[in-house]
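The values are calculated or read from the model by the stated rules, or taken from the named source; none is laboratory data. This is a predicted model, so every value here is computed, not measured. Backbone-built Cβ (ideal geometry, glycine too); neighbour counts: all protein chains shown. Each accessible area value is taken on the protein alone, full model and side chains, heavy atoms only, with ligands, DNA and RNA left out. Shrake-Rupley method; radii C 1.70, N 1.55, O 1.52, S 1.80 Å.
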There are 4 protein chains.
Amino acid sequence: MDTPSSLRERLYVIVFQTDTVAGRRFDKILLLIILASLVTVILDSIDDVHRNYSGLLAGIEWAFTAIFLAEYLTRLYCSPKPLRYAFSFYGLVDLLAIVPGIIALYYSDAQYLLIIRVIRMLRIFRVLKLSPYLKQAHYLLEALRGSKQKIIVFLVSVSTLVTVFGTLMYVIEGPEHGFTSIPKGIYWAIVTLTTVGFGDIVPKTPLGQVLSSLVMIIGYSIIAVPTGIFTAELANAMRGEQLRHDCPTCAKKTHEPTAAFCSRCGNALFPKAATKQA
Amino acid sequence: MDTPSSLRERLYVIVFQTDTVAGRRFDKILLLIILASLVTVILDSIDDVHRNYSGLLAGIEWAFTAIFLAEYLTRLYCSPKPLRYAFSFYGLVDLLAIVPGIIALYYSDAQYLLIIRVIRMLRIFRVLKLSPYLKQAHYLLEALRGSKQKIIVFLVSVSTLVTVFGTLMYVIEGPEHGFTSIPKGIYWAIVTLTTVGFGDIVPKTPLGQVLSSLVMIIGYSIIAVPTGIFTAELANAMRGEQLRHDCPTCAKKTHEPTAAFCSRCGNALFPKAATKQA
Amino acid sequence: MDTPSSLRERLYVIVFQTDTVAGRRFDKILLLIILASLVTVILDSIDDVHRNYSGLLAGIEWAFTAIFLAEYLTRLYCSPKPLRYAFSFYGLVDLLAIVPGIIALYYSDAQYLLIIRVIRMLRIFRVLKLSPYLKQAHYLLEALRGSKQKIIVFLVSVSTLVTVFGTLMYVIEGPEHGFTSIPKGIYWAIVTLTTVGFGDIVPKTPLGQVLSSLVMIIGYSIIAVPTGIFTAELANAMRGEQLRHDCPTCAKKTHEPTAAFCSRCGNALFPKAATKQA
Amino acid sequence: MDTPSSLRERLYVIVFQTDTVAGRRFDKILLLIILASLVTVILDSIDDVHRNYSGLLAGIEWAFTAIFLAEYLTRLYCSPKPLRYAFSFYGLVDLLAIVPGIIALYYSDAQYLLIIRVIRMLRIFRVLKLSPYLKQAHYLLEALRGSKQKIIVFLVSVSTLVTVFGTLMYVIEGPEHGFTSIPKGIYWAIVTLTTVGFGDIVPKTPLGQVLSSLVMIIGYSIIAVPTGIFTAELANAMRGEQLRHDCPTCAKKTHEPTAAFCSRCGNALFPKAATKQA
């Protein structure tokens, strides 16, 4: 394929860049195609639709797989460093969006793997003007990172609670009330602690109901813990940290956000104009 | 209709204004009528009531429609700019509150559209002294607007999660356990992730229950995200009564509404021209 | 009853005061009796217990009513202003704790009204050292009062949502799927929006499930609103408001919490020692 | 056992210390054994597994009990103060992890008590670098301690609400709709107020459904209270790394950890004796 280098470069601008008109238009069309392909997979899973239109839908699915294959090859072709693209996160996702369509030829259930294309929908942030979203996502990630250790403490505590309560309920209620094993008891404890409450397994004995009440009150109260952690960290991340300003006297670089004087040397950080003070 | 202009003006004061005694009394009576009309629609939907009083209720409903029609025409008549009113938000809602009553003559199910009158209930804020509520609603909207991008990031992530988990559950549990299609699986994932947990569709296989537990824990934890976002933004919006002006010396961004000097560095926020100071 | 005034006064100290040893002991015993009386009512409602011990329990209940009657008469007798006590909040609750026991002689279901004695349990705060709890309750009430208008805006919006969605679901799903009337639809909408999700009424049609998903996502998201309002207000109430300090130059009395200089006159709020500055 | 003292000391380093390579490796292996023992108990509770492998699992369980016994004796042996270890929190948990295995010889249900070993999993924080987690757990506990009184006020209010609503529902709905006693009513009220909503007991009468709606709205709203309390306290605790010292001039209460002068008024936080300054 000895196409002139200029075609490759023009393709690169369209396929990879997002700040040109052509690039944005390409991304928009691609998003619509991904969405359409997802809808096809979802529709095909509905019994009535599958019975009447399975041939048509399979054809459409094939067309989409062909389009994505063409797109993948184009990306490989016009990327300055094809290998680096192929092993990047986006490159792997792009590949994964094609493979199940080919496997589905031999093993029809594989078509559900096509749902992995939903990950390609994350490209949507490239169409909505990218940068402010990145900043917001950055705040959210910052808050999550800051609360990582607190969240691990929280999850370990929840796991311990759930194991203990699940076992207790298995012993108290027993198989005749649906608690057929400890894993089932733990499943029930998770359903209850998270306040989901399916109602497929419910306590029948008075003691079991007392214990359930305890689990529910605990679940209802400790939901405050992740919320509190996250809110406090997010407020921290959004406030920005310290005042960055060199003290004119001792050159201390960061200060409390509301500082008027340097806390090391006691001199004003922002001295008044000399004339006024005289 | 060559009524003297003074009647039109007096009507205008009563019908449109809220800071006069007559205007407030009119709004109160109108609210009661809207409420009564809503109650009529709701009562008529109850089987026992409908069987015994359907004639009576239809009559009452007609009376209300007539009253609203009269009110609408009055508003059109006494408004200084009738067309502008007719195409304003309130004008359209007022019209929509009448139309279904007329359609219901021919197609009886249309009467349920009358429930749109509930939107007219928003007038209640005009009766409760308006302005402090507007200010509070303003804070809430400000907080929502400030968190718009974070919320979009959040909703896109939730949609992706729900699609992936819904498909996985469809593949794992299959039609024999109620997961008859991918949309059904997505519906189940939403029911579970939001911790609603109807219990109409529940996982039966061990693998399905493990996956459900994961969905529930995620749902229970990420509820912290919108809460954290909203709280941090609301706190921001409430602090927002402050004067937003960068101090020319120390760049402090918000100040007391009446501030003349910066409370951090003591310099004038709005320095006079140098010549004047000399 | 010509008892010496000193007995009356001694009774007053025991019955009404909480900062003496005798007064606190009296309150503790009273709390135990109230608790025992509540347990009796609750036990009597259990079928097995009622069948076997109804005579015994009725006797015990009578004894408690007699004790509370004696206590009430004592309070009336030793209170310096009996009428004022009788019509105070606590006086009325004390009376209401006796009346149902007497009515129950003639109409046996009235005994359940005895549960009103649970309100007397609020005395528990008098036993746990009173004042720090009052301060905390004060913060909570302060936060609630500060958020009153925001909460009304929130509740009106929720009511509107619930009415509209309830009616829509009634029209879409109809009586054959359990949505037998608009009030039932509204009940379902409340069950769903609050993420309770009993599962006694669930959508069966695809359109109904799409609408339900919307209601659930809304419910899951707007729980952030009351939390955000309350947290922001509570943080406000706990932070205390402004810095109270008279400016030495212009006597401005309140300042931003972090102010170093007066925002009116620009002079230092806390001038440095003269010797140092020289 | 006259082993040289050096072996005891070497054992002590391995078994008790966490900052040496050998100590950390020992803790990691121990964690894996605890986890494996938990999995064994859980697997044994599943009917299918129990039927086919009960002998094998009992043997494995025995092996684990033997290992833990050996570990316990080693700890006793190499601890410098064996009695102090035996009666410490960890010592008691270590003992409790062995006893049920021995009791299970005579009374087979006792094996479920082995689940208490889950508490030993808390050692996981010793493997993940310990100290930052301790600090985070400290923040969380600090926040909980600070909000203790507010939480008691909250729990007392919730208990009162739940008792009153449970009794009301028992009177309104009655045994024919599943509300067979007041405790059952209270159980229902807890299930509903915490938004769990199992759906095993649901209101059937219109009045009951109106009351339920009230309970749900209350539950949905007051979840804001613990969240608000906890968030505000946690934010406080996290700010708590600051220096707590009232500035002698302006009474500012918290400062940067290394502050020498107050960042608000610029005066020394810890003024020297007057004579020295002169």
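Couplings 3J(HN,Hα) for the stretch C:139-155, derived from phi with the Karplus relation 6.51 cos²θ - 1.76 cosθ + 1.60 (θ = phi - 60°), are 4, 4, 5, 4, 4, 5, 4, x, 9, 4, 5, 4, 5, 5, 3, 5, 5 Hz, where x marks Gly and Pro. When D:THR160, B:THR249, C:THR167 are compared by accessible area at a 1.4 angstrom probe, the order from most to least is B:THR249, D:THR160, C:THR167. The mean number of partner chain beta-carbon atoms within 10 angstrom of a residue's beta-carbon across peptide B:166-176 is 2.
Show me the ranking of peptides B:75-85, C:190-200, C:212-222 by mean Cβ neighbours inside 10 Å, starting with the highest. Numbers along the way, then the final one.
Details: B:75-85: 14.3, C:190-200: 26.9, C:212-222: 20.5.
My ranking of the peptides, most packed first, is C:190-200, C:212-222, B:75-85.
For the stretch B:1-91, the convex hull spanned by the alpha carbon atoms encloses 114 Å³ per residue. Distances between copies at C:ALA22, taken between label points 7 Å from Cα along the C-beta direction, are 7.0, 7.0, 9.9 nm in increasing order. Counts of other chain beta carbons within 10 angstrom of each beta carbon in peptide B:33-43 average 2.
Amide H to amide H, with H built 1.01 Å from N, B:PHE261 comes under 5 Å of B:LEU269, C:ARG264, C:GLY266, counting only residues 5 or more places away or on other chains.
The Cβ shell under 12 Å around D:PRO80 holds other residues with a net charge of +3, Lys and Arg each +1, Asp and Glu each -1.
Shape class of the stretch D:156-248 from the alpha-carbon gyration tensor: prolate, with a/c at 1.5 or above and a/b greater than b/c. Take each residue in D:156-163, count the other chain C-beta atoms within 10 Å of its C-beta, and the mean is 4.
Sorted from nearest, the other copies put their C:GLY59 label points 6.3, 6.3, 8.9 nm away, the label point being 7 Å from Cα in the direction of Cβ. Our coupling estimate for the stretch C:32-42, obtained by passing each phi through the Karplus curve with A = 6.51, B = -1.76, C = 1.60 and θ = phi - 60°, is 4, 5, 4, 4, 4, 5, 5, 4, 4, 4, 5 Hz, Gly and Pro reported as x. Peptides C:176-188, D:91-103 ranked from most to least packed, by the mean per-residue count of other Cβ atoms within 10 Å: C:176-188, D:91-103. Placing a label point 7 Å from the Cα of B:GLU176 along the Cα-to-Cβ direction, the residues of the stretch A:80-111 with a backbone N closer than 20 Å are A:108-110.
For A:ASP246, the accessible surface of its heavy atoms amounts to roughly 90 Å² (probe 1.4 Å, protein chains only, rounded to the nearest 10).
Applying the Karplus relation 6.51 cos²θ - 1.76 cosθ + 1.60 with θ = phi - 60° to the stretch D:16-21 yields 3J(HN,Hα) values of 9, 8, 10, 9, 9, 4 Hz, where x marks Gly and Pro. Distance from a point 7 Å along Cα→Cβ of D:TYR90 to each backbone N in the stretch D:15-49: keep the residues under 15 Å and list them by number. Correct set: D:15-31. Placing a label point 7 Å from Cα along the Cα-to-Cβ axis, D:ILE218 is separated from the same position in the other copies by 2.5, 2.5, 3.5 nm, shortest listed first.
Net charge near A:PHE198, counting Lys/Arg +1 and Asp/Glu -1 over other residues with Cβ under 11 Å of its Cβ?
Values: positive: none; negative: A:ASP200, B:ASP200, D:ASP200.
Around A:PHE198, the surrounding residues sum to -3.
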